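Report on one structure; see the data block that follows.
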Amino acid sequence: RARVNFIRPKDAYYISELDVHPNHRNCGAGGRLIAHAEAEARDGRFARMALTTTITNPAQHLYMRCGFRIVDVRRDAAYERITGIPGRVLMVRELA
């Protein structure tokens, strides 16, 4: 995984994991978790939020709806051979 890892952006509240049980997906739970993380980020006076995920993760749609944008993509053939996933993306959301 080191071949597709990113350095965390400075001044960013980093979401290292966000998992929603399959029985609770598509009912707002993920959005509420991101809203909670945003409140913590603002309380900590962070300038932005960041996360990484796989290129193929359907949750990217949730993250984009919540204001995140893809700022970098890393692909690696060896990583894909091992995991079946072509790479990872870094997503950032600026906090106004």
Can you tell me which residues in the range 40-67 are open to solvent by less than 80 Å² (accessible area, probe 1.4 Å) and not in a loop (DSSP other than H, G, I, E, B)? Ala41, Arg48, Met49, Ala50, Leu51, Thr52, Thr53, Thr54, Gln60, Leu62, Tyr63
Take Ala41 and tell me if it is within 11 Å of the chain's Cα centre (by Cα) and at pLDDT 95 or above. no
Test Asp11 against the criterion of being surrounded by fewer than 14 Cβ atoms within 10 Å (Cβ to Cβ), touching a residue at least 60 places away in the same chain (Cβ under 8 Å) and under 24 Å from Ala96 (Cβ atoms), and give yes or no. no
Is there a residue in the range 74-83 that is among the basic types (Lys, Arg) and either in contact with a helix residue (DSSP H, G or I) (Cβ under 6 Å, 6 or more places away or on another chain) or assigned to a strand (DSSP E or B) (or both)? yes
Please determine, by comparing only the residues of the range 14-39 that are surrounded by fewer than 11 Cβ atoms within 10 Å (Cβ to Cβ) and of a type in the set (Asp, Glu), which one is nearest to Val73 (Cα to Cα). Glu17
Close pairs from the range 61-73: first within 19 Å of Ala96 (Cβ to Cβ), partner open to solvent by less than 70 Å² (accessible area, probe 1.4 Å) and not aliphatic (A, V, I, L, M), Cβ under 6 Å, at least 6 apart: Gly67/Arg93; Phe68/Arg93
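The values are calculated or read from the model by the stated rules, or taken from the named source; none is laboratory data. These numbers come from a predicted model, not from an experiment. Note that we place each Cβ from the backbone using ideal geometry, even for glycine, and neighbour counts take in every protein chain shown. Please note that ligands, DNA and RNA were not included when accessible areas were found on the heavy atoms of the full protein model with its side chains. Shrake-Rupley method; radii C 1.70, N 1.55, O 1.52, S 1.80 Å.
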